[in-house]
Amino acid sequence: MSKSQYSLSFTTGASLFRESLALAELKKDIDDWKTVKSKAIEENILQARTESTSRKLCGEVIRRLKHLSTEEAAKSPQILDHTADVT
């Protein structure tokens, strides 16, 4: 039996849908995730009550978004717009 790491963060962090869209939108204008995280925390993009919460949420959302392909990442901000063609 091979060992593999399994992250339970999805179940403990909810879907973080709105947060994912906000950071995906921010990533369109910024080349690297480190800068996205810094800006999101600095400007409280995720509207967290504390900086600690903002850091945790940003880390979790960015970890998830990094798994998207370039095409998926480009389409992700359009998900909220139900009239957008994302096919």
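Here are some notes:
- Identity of the residue in the stretch 23-64, small (G, A, S) and surrounded by fewer than 19 Cβ atoms within 10 Å (Cβ to Cβ), that ends up farthest from K75 (Cα to Cα): S52
- Pairs linking a residue in the stretch 12-41 that is closer than 18 Å to K56 by Cβ to a residue that is among the basic types (K, R), with Cβ atoms under 7 Å and 6 or more positions apart or on different chains, are S20/R64; L26/K39; W33/K66; V36/K27; I41/R55.
- All of H82, H67 fail the test of being in a loop (DSSP other than H, G, I, E, B) and at pLDDT 75 or above, apart from H67.
- Cβ-Cβ under 9 Å pairs, at least 6 apart or on other chains, the stretch 50-77 side closer than 15 Å to V36 by Cβ and among the β-branched types (V, I, T), far side at pLDDT 75 or above and not in a helix (DSSP H, G or I): V61/L16; V61/L46
The values are calculated or read from the model by the stated rules, or taken from the named source; none is laboratory data. Owing to the predicted nature of the structure, the values given are computational and were not obtained by experimental measurement. Cβ coordinates were reconstructed from backbone atoms using ideal geometry, including for glycine residues, and neighbour counts include every protein chain displayed.
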